[in-house]
1. Which FRET efficiency value, to the nearest 0.05, is calculated for ARG191 and ASP132 with the Förster distance at 22 angstrom and r the Cβ-Cβ distance?
2. How long is the gain from SER74 to ASN107 if the chain were fully straight, where each residue apart is worth 0.36 nm and the alpha carbon distance is subtracted?
3. Report the gain in length on full extension from LEU177 to VAL60: 0.36 nm times residue separation, minus Cα-Cα distance, nm rounded to one decimal.
4. Between ILE98, LEU38, GLN133, whose Cα lies farthest towards the positive end of the dipole of the stretch 34-208 when Lys and Arg beta carbons carry +1 and Asp and Glu beta carbons carry -1, centred on the Cα centre?
5. What do you reckon, how do VAL131, VAL37, VAL103 stack up by accessible area (1.4 Å probe), largest on top?
6. Report the calculated FRET efficiency for ASN200 and ILE98 (r = Cβ-Cβ distance, R0 = 22 Å), to the nearest 0.05.
7. Using a 1.4 angstrom probe, figure out how much accessible area the stretch 110-215 has per residue, in square angstrom, rounded to the nearest whole.
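The values are calculated or read from the model by the stated rules, or taken from the named source; none is laboratory data. All values derive from a computational prediction rather than experimental measurement. Here the Cβ positions follow ideal geometry from the backbone for every residue, glycine too, while neighbour counts run over all protein chains shown. Only protein heavy atoms, including side chains, enter the accessible area calculation; ligands, DNA and RNA are left aside. Shrake-Rupley method; radii C 1.70, N 1.55, O 1.52, S 1.80 Å.
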Amino acid sequence: MVMKLGASIVICIWLLLVILSPITESSSSNDDSNPAVLDTDGNPIQSDAEYYVRPAITDVGGYLTLIDRFGNGSCPLYVGQPNVIVDNKISIKFTPFIEGETVIRENRDFKAVFQTLTTCVQSTQWKVGEVDQESGRRLIVAGYDEGIGGYFRIEKGNLGIYNFAWCPLDVCPNCRLNCSPVGAFIIDENRNRLLALDGNTLPVQFEKANDVSSI
Ligand SMILES: *[C@@H]1O[C@H](CO)[C@@H](O)[C@H](O)[C@H]1NC(C)=O
């Protein structure tokens, strides 16, 4: 009698697990539908690694870095490309908005943070900043933003080439967003290129940073 009861409890638990497991699986796996963004070695971009970002097609401008727009040490710093290709690239860490996700996927929101220290009090996180008066384009600046302004994503173009975009639909699915790809243009007399929305598109590649610097 005791054994029979024990056996039926085991069967009941087993049945429950069989019934429940496909449900829990399918409800948590919809994030996996978007392909991973690949680095220059063909490996998925990982949230716990660091990457240098460089222009994909043309050799216009260098690796993405922090730009002192006026060249006078003013803050905040801007996200952009230096005029000359010098070795001042800064690695970037991408953190997915979706909790527990370890891979950066196409059209999924993440935070991008330069892995460096600056003399500015602002964070080195990318965020949508001020509108440039002349062009009317929204510039990407360095600064802390927990809201929709602080999340970007990576899109894949027709030729299989990636670009950044701002369209934080994971963060705010019901927001009416003025979505835009991220481009780059020359704004200052120093001929640096600043990243901005509302214009051209900058094709990029991701190069894994091998030795992670600990400043
Ligand atoms: C740097 O130059 C810009 C533009 O000329 C000016 O608005 C800003 O106040 C200057 N900042 C400093 C710290 O000198």
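1. That gives a FRET efficiency of 0.90.
2. 8.5 nm
3. Separation in residues times 0.36 nm, less the Cα-Cα distance, equals 39.1 nm.
4. Positive-most Cα among the choices belongs to GLN133.
5. VAL131, VAL103, VAL37
6. Details: r = 29 Å, r/R0 = 1.32.
In this case the efficiency is close to 0.15.
7. 51
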